[in-house]
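As structure tokens, the structure follows; a few thoughts come after it.
The values are calculated or read from the model by the stated rules, or taken from the named source; none is laboratory data. In this text, all values refer to a predicted model and were calculated from it rather than measured experimentally. Cβ placement follows ideal geometry from the backbone for every residue including glycine, while neighbour counts extend to all protein chains displayed. For the accessible areas, the whole protein counts, side chains as well, though only heavy atoms, and no ligand, DNA or RNA atoms are used. Shrake-Rupley method; radii C 1.70, N 1.55, O 1.52, S 1.80 Å.
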Amino acid sequence: MSDQQHDVPTTAGPADPTASEIAAEQAVVDRLYARLDVVRDDAARELDRVRRTPTANTPQSVSERDAFDQLYSQRIDQLRAVEDRLCFGRLDLLGGETRHVGRIGLSDGEQSQLLVDWRAPAAEPFYQATAAEPRGVVRRRHLSTRLREVVGVEDEVLDLDALGEATAVAGEGALLVALNAARTGRMKDIVATIQAEQDRIVRAPLNGVLVVQGGPGTGKTAVALHRAAYLLYTHRERIARSGVLVVGPNRTFLRYIEQVLPSLGETGVVMATPGTLFPGVEATGTESAEAAAFKGSARMVRLLADAVRRRQRVPAQPVALDVDGVRVMLRPRDVETARERARRTRRPHNEARVTFVREMLRLLAPQLATGQRVELADHRAELDADLRDSADVRREVGRLWLPYTPQTLLSRLWSQEAWLARLGLGERERALLLRPVDAPFTTADVPLLDELAELLGADADADRLDAARDAADRRAELAYARDVLDMASSHRDDDQTVAGDVVDAERLVGRWSGGGPMISVSERASGDREWAFGHVVVDEAQELSPMAWRLLMRRCPSRSMTVVGDIAQTGALDGAASWAEVLEPYVPGRWRAEELTVNYRTPAQVMDVAADVLEVARPGATPPESARVGDWPPVAIRCAAGDLAAVELAVRRELTRFATVVVVAPDDLVGPLTGALTPVADGPVSVLGVTAVKGLEFDAVVLYEPQRILAASRRGASDLYVAMTRPTQRLVVLHSEPLPAVLERLPRGEG
């Protein structure tokens with residue numbers, strides 16, 4: 001455990017906070033909340049004024065109105081989100097200055113600072129000052145609040161000489177209080193208890209890729225989310241317009257962390273899982289770990305490119321075509337010529353198809369001119385039109401270079417064994433990929449869809465069809481708008497102004513069809529595959545495949561990323577073996593790693609046993625050191641095979657002690673266990689496989705059949721290590737099979 005992490009001051013002797021100290025802080029907090037209410041009410045009044053004020057029916061005025069509507073709406077949402085624990089700290093500085101630190105900055109009507117935003121440089125000493133290096137801080141005070149009431153204060157005196165007679169308040173400390181608090185099933189921010197090594201990472205420079213490496217419970221995820229909030233505050237002009245993308249391993253994880261950024265004042269972040277990173281597709285299919293690893297391998301780059309090229313076909317024999325009674329021949333050598341010219345454009349498949357078709361018409365035109373007995377140069381336009389109108393030409397030329405969507409092409413590829421064989425795949429590899437054409441996409445398919453989108457490009461014919469449909473829709477809307485205005489005018493009195501006097505049909509349609517409410521950056525970004533994010537946060541990044549990394553790098557051309565993970569916890573067969581292996585190909589020399597070394601989650605008794613598993617999973621790796629010793633030693637309990645009642649009994653026992661309990665089990669037992677534990681559903685109990693539990697934490701963990709988890713895959717030891725390090729208080733291991741040798745240090749208990 002780093003010395004700096006626990007560099008706490010020595011004081012003349014602790015004393016309980018006096019009622020006057022709490023009362024004084026309550027007066028400050030009351031003033032802050034009063035100001036927060038004023039600011040929020042002002043924003044609400046402005047929003048109401050904007051919505052009530054008539055606007056001219058011009059695109060500019062409508063856009064301005066919508067922009068102000070969005071601005072004030074987002075401000076109100078932000079102020080509501082930061083209300084809980086608005087102020088959590090105070091700095092007493094040399095010279096007598098006092099600064100209160102909180103979730104956002106607040107000033108009074110005269111612009112005097114009332115509350116310093118935790119991300120501001122002025123708040124940095126709250127996290128970085130130590131007794132060895134006080135940075136001008138005499139005393140650091142932590143405020144405990146419940147709603148708007150101050151319920152406690154705790155002081156750390158960093159300069160006794162400067163403070164004089166003051167003493168520190170007794171208690172465990174703000175950090176240990178937070179660590180021992182019961183979990184709620186949602187991650188809370190750590191803004192009040194960020195430690196020095198964490199704060200340095202939060203405030204690290206924006207450019208390049210920052211890897212936050214750390215063992216379980218070191219606060220990697222919380223640090224990364226606070227870093228996202230810090231970057232949005234510090235570089236708002238640079239990255240707010242393009243947004244921040246947060247990628248988590250699964251939806252359970254995203255629900256777990258979804259309140260953190262709003263509580264820090266940031267509401268416009270896009271959150272996604274690897275299975276939702278291709279707009280319009282949500283991966284719901286399942287497959288074996290081996291199949292996912294094969295799809296995630298870099299081999300897919302060449303395989304998909306080859307698959308696309310093989311859809312650009314040349315007929316084996318000439319094909320006769322009828323063009324308005326004239327016979328022309330579709331000759332293989334002409335098709336090859338057109339294909340090569342289209343490929344030389346280096347444009348994606350669907351876009352290069354335009355060149356291919358144009359070249360085919362150019363090569364067929366001389367034959368048609370001869371058949372029609374006309375001069376080619378004088379009748380070129382008519383000849384092209386005749387060729388385009390020919391059903392034979394459209395059918396046969398179209399078959400040679402069909403347009404595709406990524407979804408259609410990938411579904412057909414996985415469903416046709418002969419096609420896979422032509423791509424050079426062996427029998428075992430084909431068996432891994434084959435599935436019905438209508439099977440749902442899996443998470444491993446999503447990066448392949450994105451790769452195909454790059455190879456295929458937009459369908460020019462579909463774009464023209466969409467444009468034609470838009471034009472038809474607009475004509476219908478104009479006709480309807482004219483009918484509405486005519487109806488209004490037919491019922492007017494001589495001195496009455498009606499809608500047709502101030503707006504015509506074009507403006508009416510433009511406002512309600514073309515304009516509409518403005519959508520946020522996050523809403524636009526989440527639906528646009530080509531959106532370039534200003535910053536990307538990737539959690540559990542060690543699990544991502546090489547193909548998934550290609551997708552993420554496309555989403556962030558600036559390569560500004562916070563990558564969070566632990567190589568020792570890699571469970572995916574195609575996951576990372578080292579950060580250099582993953583990042584050097586994309587950002588050579590532009591990435592750096594920071595390591596977190598203190599485990600704030602897992603009690604020392606549990607971590608001691610988990611360290612034995614880590615040595616098997618990654619020999620020589622150093623486990624993080626636990627920040628505290630827990631009150632509940634881990635225990636192993638033997639039960640009969642298939643005795644689900646024993647699991648229920650263990651869960652009920654832990655629910656009498658703790659707020660949140662999870663059962664972690666081999667994937668094939670999650671369903672049966674969930675059914676067996678349904679009667680216990682009135683308590684906060686989850687049954688999760690190892691993959692689903694990554695990144696989460698619970699008061700108590702009931703780990704079922706560890707030997708089966710260990711033997712389930714080549715990365716079984718990593719999976720077991722992950723499962724054992726989820727509890728904040730208690731670990732109970734239930735087993736019918738012999739306990740793995742690596743868990744021999746676990747104390748035995750009775751069922």
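A few comments on the model shown:
- Chymotrypsin sites (Phe, Trp or Tyr not before Pro) within segment 334-430, DSSP loop, no more than 12 other Cβ atoms inside 10 Å: none
- Cα-projected label distance for Glu133 with Ser112, points at 7 Å along beta-carbon direction, nm: 3.4
- One equal scatterer on each Cα of the chain, no solvent, Debye formula: the resulting log10 I(q)/I(0) at q = 0.06 Å⁻¹ is -0.52.
- Segment 323-380 and segment 110-163: distance between their alpha carbon centers, rounded to Å: 76
- Heavy atoms of Lys220 accessible to a 1.4 Å probe, total area in Å² rounded to 10: 20
- Length added when fully stretched, Asp69-Asp161, from 0.36 nm per residue minus Cα-Cα: 27.8 nm
- Ordering of 238-246, 563-571 by burial proxy (mean other Cβ atoms within 10 Å per residue, highest first): 563-571, 238-246
- Among beta bridges from DSSP that stay inside the chain, the antiparallel ones total about 35%.
- Share of carbon and sulfur in the accessible heavy-atom surface of the chain [1.4 Å probe, %]: 50
- Charge dipole magnitude, Cβ of K and R +1, D and E -1 - segment 632-716, Cα centre, debye nearest 20: 260
- Between the alpha-carbon centres of segment 391-426 and segment 197-242 there is a gap of 44 Å.
- Mean residue ellipticity (222 nm) of the chain, computed from DSSP H runs ≥ 4 via -39,500 (n - 2.57), nearest 500: -13000 deg cm²/dmol
- For Met271, the amide hydrogen comes within under 5 Å of the amide hydrogens of Val246, counting only partners 5 or more places away or on other chains and with H modelled in the peptide plane.
- Legend: translational diffusion of segment 38-171 by Stokes-Einstein, Rh = Kirkwood radius over C-alpha pairs, 20 °C, 1.002 mPa s; D = 122 µm²/s.
- Accessible area of the chain divided out per residue, in Å², using a probe of 1.4 angstrom: 46
- Look at the alpha carbon pairs under 8 Å that are at least 6 residues apart: their mean separation over the length of the chain gives a relative contact order of 15 percent.
- Size of electric dipole in segment 243-307: Cβ of Lys, Arg +1 and of Asp, Glu -1, about Cα centre, debye, nearest 20: 100
- Residues in segment 274-279 carry Karplus couplings, in order, of x, x, 10, 7, 10, x Hz; the curve used is 6.51 cos²θ - 1.76 cosθ + 1.60 with θ = phi - 60°, and Gly or Pro positions show x.
- Percent breakdown of C-alpha pair distances by 10 Å bin, ordered from the shortest bin, for segment 259-310: 18, 29, 30, 16, 7, 0
- Approximating the spin labels as points 7 Å out from Cα along Cα→Cβ, the Glu417-to-Asp608 distance works out to 5.7 nm.
- Alpha carbon convex hull of segment 558-649, volume per residue in cubic angstrom: 173
- Put a plus charge on the Cβ of each Lys and Arg, a minus charge on the Cβ of each Asp and Glu, and nothing anywhere else: the dipole of the chain about its Cα centre is then about 2360 debye.
- Under 14 Å from a label point set 7 Å out along the Cα-to-Cβ vector of Leu94, the amide N atoms of segment 131-161 belong to 131-139, 158-161.
- Ranking Ile567, Trp579, Val537 by Cα position along the charge dipole of segment 534-597, where only Lys, Arg, Asp and Glu carry charges on their C-beta atoms, puts Val537 farthest toward the positive end.
- Segment Ser520-Tyr33, extension gain: residue separation times 0.36 nm, minus the distance between their alpha carbons: 172.5 nm
- Sequence ranges 189-196, 536-543, ranked by mean other-Cβ count within 10 angstrom, highest first: 536-543, 189-196
- Simple spin-label estimate for Arg251 and Arg657 in nanometres, 7 Å along Cα-Cβ: 3.4
- Segment 666-751: relative contact order in percent, alpha carbon pairs under 8 Å with at least 6 residues between: 31
- Membrane-span-like helices in the chain (whole DSSP H runs, Cα extent of at least 15 Å along the helix axis, mean Kyte-Doolittle hydropathy of at least 0.5): 445-456, 604-617, 644-655.
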